[in-house]
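Since every read-out is calculated from the coordinates, none of them should be taken as a lab result. All values reported here derive from a predicted model rather than from experimental measurement. Cβ placement follows ideal geometry from the backbone for every residue including glycine, while neighbour counts extend to all protein chains displayed.
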Amino acid sequence: MSGSTLLVLSLLMPLAGAVLIGLAGRSPNLREAVTMTTAAALFAIVIALLMRFNAGPAPEVMLQEVMPGLKLALKIEPLGMMFAVIASGLWIVNSIYSIGYMRGNKEKNQTRFYICFAIAIMSAIGVAFSANMFTLFVFYEVLSISTYPLVAHKQTPEAKASGRTYLGLLLGTSIGLMMVAIIWTWVATGTLDFTKGGILEGKVSGALAPLLLALYVCGIGKAALMPVHRWLPAAMVAPTPVSALLHAVAVVKAGVFTVMKVAVYIFGVDFLAKTGAATWLMWLAAFSLLAASIVALGKSNLKARLAYSTVSQLSYVTLGAALATSMGVMGGSMQIAMHAMGKITLFFCAGAIYTATHKTEIPDMDGLGRAMPFTYGAFLIGALSIIGLPPMGGSWSKWYLLIATADTGQLVMMLVLMVSSLLNVAYLLPIVGRGFFAGSDAPPAHGAVHAAGAAPAPDTRLRAIKEAPLFCVLPPCLTAAGCIALFFYADSLYRLLEPITRP
Amino acid sequence: MISAHLPILQVIVPLIAAPLSAFCRRAGVAWYLSLVICAVSFAISIALLIQVLEEGHISYLLGSWAAPWGIEYRVDVVNAFVLMIISGIGTAVLPYARTSIAAEIEPHNQALFYTAYLLCLTGLLGMVITGDAFNAFVFLEISSLSTYALVALGAGTDRRALSAAYTYLVMGTIGATFFVIGIGLVYMMTGTLNMADLAARLQGLEHNRTVLVAFAFIVTGIGLKLALFPMHLWLPNAYAFAPSAVTVFLAATATKAAVYLLLRFLFTVFGIDYHILGLTMTWLFTPLALAAMFAASTVAIFQVELKRMLAYSSVAQIGYMVLGMSFLSVTGLTATIIHLFNHALMKGALFMVLGAIVLRQGAATFNTIRGLGRKMPWTMAAFVTGGLSLIGVPLTVGFVSKWYLVAAALESGRWPLAVLIVLSSLLAVIYVWRVVEAAYLEEPPADSKATEAPLSMLVPTWILIAANIYFGVDAGLTSRIASAGARLLLGVAQ
């Protein structure tokens, strides 16, 4: 099969999956089999593309000329290749997890859930392989719309309100700001193709460049840079598999990925460095990075804490882009992969805890680690990776970002990164610590017991808690292993990404 | 042989069929006749469009009387495109209308409905195809008078249709009177009614006060017909209380013909060099268009009745068309012309959805659509898609329009306008999403017996929805036509 056929297939496969899932809606087992098969097939296609990409010229394909000069086209480049591998690979793990979670919690409307999920993955792959800003924008919007039903899944007033915030902020920023930025770029340069070294040099004056960058970055709401981050905590009302794959990986990574693409292929790192257009962005990212961590410290709901942690971790990527140096781009890009693996682990664990115990608040989770050692073990590994300690993958991205701050002489940024790591320790590790060491086997005198009503004798309560179903526990263990593997195999990731850091 | 007479056939075929359908005692026969006639009109308009694209403009002399004296039908790419929109929508509405009309209009009026419908079509096609200013007035009146009757037919279900029709009649008559006064004044100064001839003879009279007054009268008169904010007050009620099929037809065609007429007078008759044109655009059209975009969209958000909501949205959309022309640039006019087409597709489809809801639920309000996402899945899916197009999501026609409009604003260096355009389209997100939420995220009332709309309504709706997508994914043809039209109006070489 030629590279371009494979590219088209990478979109058609999840789309066909969505249709088949809809058709198989009446038989849950068949439906889940379709999801799994599609996910596996998609991953195989992406891997085949990766091999082709490594071997020779980058596969590309033109799908449709929408308006004169404005094309829907796909082309592979290193950053997108990495994003596609992450999204499609984790979809498999997440699908296993979804089965355990959705059935374990007896969620309604599961067919709609799986259909929207497949469409969301299709759009994430589309974002990854876009050959120009227009194509990226199209898939970006499809991603926003297809994930709305997932956020509002529970159909409660709370879910509806969150859905409104979610869609309002994402569509509002993308249509209100990013579209203007794209059309501005188009009017100024006559092209939207992702070109190495950027397309704006000489077309947009240095004075206006920061404004254009602001339109882009604030328009890319999915990057969750403060102050357009509110949708992400709101999205946590969704079932946990959605939070795990979409709001820790596909959707948010599509956001920071777009920021990175804009910095590298639209502005060009040199242009950014020369004009200083991204200096304000660097400070905003630093602010977002620290502020979100501090907010996370104060959240007692586990998913809310993880959400703010995501806001903070995404700012690392934006910071990497804003530093406008090759090591910054490298660190930021690696962070996309490393954070994906780490954060999905944490969300998987949060969902496993919920499935097993129906607890959502951190203070209620004392001692759970002793009952659920695998879940908590995986959580620990994921947390260490987020913090950036070896031997977890997360250490590499932090490492390159630190080098970048040293390269550019931004000592304040170096300090910000170090403080942030400490904050990460402060809001992640106590969860594990309390899980293993806090509380006695007897139940705490308040909270959980009352909530559960008069049930079995007190000292058997915690013992009654077991690990969540296998389908919920296996995925976090796999991704935790992935976090460690990424540390040892970061080299191949480095080699994949290396071309984009060269001028 | 017959191809040489296509321009007159375009108008005369529905004109002759109109009284014929009045003679039909049975509504079914009248419907069948109208359907055939509309399909023929559509075919003629396509043939004309193809001919114009290949050979440039066509000039047809009625009764072979030479141009400045006799009436000339002049077809170029701009009006061929509008003819195609009007007759195409006219055809698409008919299969849909049969069920809807049968449910909403008393039996003895149904055959007359088709008469009025064909007359309205004749009027709209006539005012678009003609190259004669007074003839345009005549056809404008034909279409208006038949529209008043069509709106009043809604009285079968809601008596308020009568007062809506009456308001429209008063406002429409004022508009038409202003228009004809303006034409009278330029006739007084130039002694001609042929548009091309008028354009030539107005040279040198630019600063003549009578011509200035005529300009003002004509712009105001047409402004009323196209519901330019704040002269839009007749529109929401007329759309809300007319029979559903009539609303679809009017929303998708009537204001389009008026916008076309405005373009024709501004750019062909008075011309791009007319000294107060730029002034009018900057100080009149731009602020009014912006006011329409924001005020009408905001009002739309607070409507309970969905037809009124979309009617206000139409007022806002007309703001986009007027804003496009106010840039006086090729891109801006391209945006206007392409939006004529795109807006017809989206509003046509959306009003069709509302008609289907009215048929099943008796009314289309936020109360009656609760939970319809499950009860009428195809109908509501059509609404979602059409709504996305209205918002301007990529791969729909709405996006194409918005792209050209924003590009025009940025090209002219007026980037605050670009921001305002997208901000106003965000208001559309709000009112569209209110519907989506009510239909999908609320439970239907327990006693709800709503069922899916009949195929005769679903198929036309989905044809328009498919067109929304098709021309959003491949806007090559429409943007080529629109930009050719824009160049023609501005006198820029191709």
Degrees separating the helix B:77-104 axis from the principal Cα axis of chain B, which is the longest one = 30
query = ³J(HN,Hα) across the range B:27-36 via Karplus (A = 6.51, B = -1.76, C = 1.60, θ = phi - 60°), whole Hz, x for Gly/Pro?
reply = 4, x, 5, 4, 4, 4, 4, 4, 4, 4
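So if R0 is 60 Å, what FRET efficiency would residue B:109 and residue A:33 give, r being the distance between their Cβ atoms, rounded to the nearest 0.05?
Working: r = 58 Å, r/R0 = 0.96.
After rounding to 0.05, the efficiency reads 0.55.
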task = Please label the shape of the range B:311-354 as rounded, prolate or oblate, based on the square roots a ≥ b ≥ c of the eigenvalues of the alpha-carbon gyration tensor (a/c under 1.5 means rounded; beyond that, a/b larger than b/c means prolate, else oblate).
result = oblate
inquiry  = Taking the Cα centre as origin and putting +1 on Lys and Arg beta-carbons and -1 on Asp and Glu beta-carbons, what dipole magnitude results for chain B, to the nearest 20 debye?
reply    = 600
request  = For the range A:78-156, just say rounded, prolate or oblate: build the C-alpha gyration tensor, square-root its eigenvalues into a ≥ b ≥ c, call rounded for a/c under 1.5, and beyond that prolate if a/b exceeds b/c, oblate if not.
outcome  = oblate
ask   = Where in the range B:365-400 does the amide nitrogen come within less than 16 Å of the point 7 Å from the Cα of residue B:451, taken along Cα to Cβ?
value = B:375-379
request  = First measure r as the distance between the Cβ atoms of residue A:361 and residue A:485, then evaluate 1/(1 + (r/R0)^6) with R0 = 30 Å and state the FRET efficiency to the nearest 0.05.
outcome  = 0.40
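Report the gain in length on full extension from residue A:161 to residue A:279: 0.36 nm times residue separation, minus Cα-Cα distance, nm rounded to one decimal. The partial results should precede the final answer.
Values: separation 118, 0.36 × 118 = 42.48 nm, distance 3.56 nm.
Full-extension gain reported as 38.9 nm.
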query = For the range A:278-319 and the range B:416-449, what is the separation of their C-alpha centers, rounded to whole Å?
reply = 31
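Net charge within 14 Å of residue A:169 by Cβ-Cβ distance, Lys/Arg positive one each and Asp/Glu negative one each, not counting residue A:169 itself?
Working: positive: A:164, A:222, A:230; negative: A:141.
Around residue A:169, the charge tally is +2.
Can you pull the Rg over Rh of chain B, Cα-only, Kirkwood?
Working: Rg = 21.3 Å, Rh = 22.4 Å.
Looking at chain B, the ratio lands at 0.95.
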query = ³J(HN,Hα) across the range B:116-124 via Karplus (A = 6.51, B = -1.76, C = 1.60, θ = phi - 60°), whole Hz, x for Gly/Pro?
reply = 4, 4, 5, 5, 4, 4, 4, x, 5
note = Residues whose built amide H sits under 5 Å from the amide H of residue A:301, excluding neighbours closer than 5 in sequence, are A:362
ask   = Which order results if A:300, A:123 are arranged by neighbouring Cβ count within 10 Å, fewest first?
value = A:300, A:123
query = Over what distance in Å are the Cα centres of the range A:48-79 and the range B:155-232 separated?
reply = 54
query = Does the protein assembly as shown classify as rounded, prolate or oblate by the C-alpha gyration tensor (a ≥ b ≥ c root eigenvalues; a/c under 1.5 gives rounded; else a/b over b/c gives prolate, otherwise oblate)?
reply = prolate
inquiry  = Take residue A:48 and residue B:492, extend 7 Å from each Cα along the Cα→Cβ direction, and tell me the distance between the two endpoints in nm.
reply    = 4.6
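Given a Förster radius of 35 Å and the C-beta distance between residue B:57 and residue B:138 as r, what FRET efficiency does 1/(1 + (r/R0)^6) yield to the nearest 0.05?
Values: r = 22 Å, r/R0 = 0.63.
That pair, residue B:57 with residue B:138, gives E of 0.95.
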query = Add -39500 (n - 2.57) for each DSSP H run of 4 or more in chain A, then divide by its residues: what number comes out at 222 nm, to the nearest 500 deg cm²/dmol?
reply = -23000 deg cm²/dmol
request  = Using the charge dipole of the range B:276-494 (Lys, Arg: +1 at Cβ; Asp, Glu: -1 at Cβ; taken about the Cα centre), state which of B:333, B:476, B:393 has its Cα farthest towards the positive end.
outcome  = B:333
ask   = Using the 10 angstrom Cβ neighbour count as an exposure proxy, how do A:52, B:25 rank, fewest first?
value = B:25, A:52
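Placing +1 at every Lys and Arg Cβ and -1 at every Asp and Glu Cβ, with all other atoms neutral, what dipole size does chain A have around its Cα centre, in debye to the nearest 20? Don't jump to the answer; show the numbers that get you there.
Details: 32 positive and 19 negative charges, 157 e Å.
Magnitude of the dipole: close to 760 debye.
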inquiry  = List the chymotrypsin sites (Phe, Trp or Tyr not before Pro) within the range B:247-325 that DSSP assigns to loop and that have no more than 15 neighbouring Cβ atoms inside 10 Å.
reply    = B:302
query = Any idea what angle helix A:302-322 forms with the longest principal axis of chain A, computed on alpha-carbon atoms, 0 to 90 degrees, nearest 10?
reply = 20
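So, counting K/R as plus one and D/E as minus one, what does the shell of residues with Cβ under 11 Å around residue A:243 add up to? Before the final figure, lay out each step's value.
Numbers: positive: A:303, A:343; negative: none.
Charge balance in the 11 Å sphere: +2.
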task = For residue B:132, list long-range residues whose amide hydrogen, built 1.01 Å from N in the peptide plane, is under 5 Å from its own amide hydrogen.
result = B:72, B:195
ask   = Can you tell me the Rg and Dmax of the range B:276-494, counting just the alpha carbons, in angstroms?
value = 18.2, 64
key: Alpha-carbon Rg with Dmax, taken over chain A, Å   = 21.9, 75
message = Within 10 Å, Cβ to Cβ, of residue B:245, how many net charges do the neighbouring residues add up to if Lys/Arg are +1 and Asp/Glu are -1?
response = 0
query = Hey, what angle do you get for helix B:6-23 against the long axis of chain B, alpha-carbon based, 0 to 90 degrees rounded to 10?
reply = 50
query = Residue by residue, what Karplus-based ³J(HN,Hα) values in Hz, rounded to whole numbers, does the range A:411-423 have, using 6.51, -1.76 and 1.60 with θ = phi - 60° and x for Gly and Pro?
reply = 5, 4, 5, 4, 4, 4, 4, 6, 4, 4, 4, 5, 5
remark   = Interchain or sequence-distant (5+) residues whose placed amide H lies within less than 5 Å of the amide H of residue A:64 are A:72
